[in-house]
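In what follows, a structure is listed as structure tokens, so that the remarks can point back to it.
None of the figures in this text is laboratory data; all of them are computed from the coordinates on show. Just so we're clear, the structure is a prediction, and the values are computed from it rather than from any experiment. Here the Cβ positions follow ideal geometry from the backbone for every residue, glycine too, while neighbour counts run over all protein chains shown.
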Amino acid sequence: MSSPGLKEIDSLSLTSHHLKRVVALTGAGISAESGIPTFRGADGYWSRFRPEELATPQAFSANPKLIWDWYLYRRNLIAQAQPNPGHTALVELERLLGDGFNLITQNVDGLHQRSGSRKTLELHGSIFANRCVKCFGRFSDDALDFNLLPPQCPKCRGAIRPDVVWFGESLNIATIEDAFALSRRATLFLAIGTSAVVHPAATLPLAGRENGAFLIEINPESTPLSSEADAVIRLSSAMALPLLLEKIRAIQLPC
């Protein structure tokens with residue numbers, strides 16, 4: 001291993017204790033490596049809009065067709081993308097550690113599930129899920145008619161919106177409580193490709209470290225979390241996670 005990032009992985013002193021309860025938090029960085037533009041990375045027609053102008057309840061109320069056009073555009077981009085080696089390494093880590101591994105993601109693209117992850121806590125919802133603004137019912141695409149936007153709720157005829165967390169909205173209370181509970185119990189916390197500026201998700205790694213977890217940041221760029229981490233790996237997740245997986249494989253797993 002030669003680069004600073006590779007040397008950092010090689011020098012990690014992980015033990016079976018660290019592998020008792022591993023929590024991974026992923027952000028936009030891991031999806032960007034699959035070719036999915038970041039939330040603010042729209043081009044062409046959509047570059048004229050700021051995300052804060054589109055991803056809000058107020059924008060949906062004022063022009064639901066415009067918002068749905070944007071989300072259907074993003075859905076199409078995501079559908080063309082494929083999980084990368086970073087996603088695959090997390091799947092293998094889940095298989096290796098079983099109940100000792102939990103994945104929390106800020107991403108709404110579903111790439112973790114497509115790669116094979118089975119225990120994924122989605123903090124911000126899913127871009128492929130739908131919810132009624134009136135009765136709060138959730139429906140699959142098959143139950144809806146997208147020929148007219150917004151689709152109408154098959155139960156109450158209310159407007160259907162993407163089931164994601166928008167600016168100005170709170171995260172699902174049960175979901176964020178579960179995320180903090182997992183983080184506080186972690187013995188090893190992996191912060192992967194997250195900017196560490198979106199709250200409350202940005203607080204999860206710190207909650208883990210404050211309760212004794214060994215905190216590793218995997219990110220090519222410096223973030224507010226970098227100075228708090230026990231180890232910082234300045235590599236992309238697609239490069240770092242397969243190498244980290246191999247290092248973990250060599251450790252005798254906890255009983």
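Descriptive notes on the structure:
- About the Cα centre, charge dipole magnitude for the chain (Lys/Arg +1, Asp/Glu -1 at Cβ), debye: 460
- DSSP beta bridges confined to the range 119-255 are antiparallel in about 45 percent of cases.
- Inter-probe distance in nm under a simple model that places probes 7 Å from Cα toward Cβ, at ALA129 and PHE146: 1.8
- Partner lysines for LYS155 [C-alpha distance under 21 Å; skip if fewer than 8 residues away on the same chain]: LYS65, LYS134
- Share antiparallel - DSSP beta bridges, the chain, percent rounded to 5: 25
- Hydrodynamic radius of the chain per Kirkwood, over alpha carbon pairs, in Å: 19.2
- Cα-based shape type of the range 193-255, given that a ≥ b ≥ c are square roots of the gyration tensor eigenvalues and the cut on a/c is 1.5: oblate
- Signed unit charges on C-beta, dipole axis of the chain, positive-most listed residue ILE78, PRO154, PRO200: PRO154
- Choice from SER236, SER61, SER13 with maximal GNM fluctuation in the chain (Cα, 10 Å cutoff): SER13
- Rg over Rh, two decimals, the range 86-197 (C-alpha only, Kirkwood Rh): 1.03
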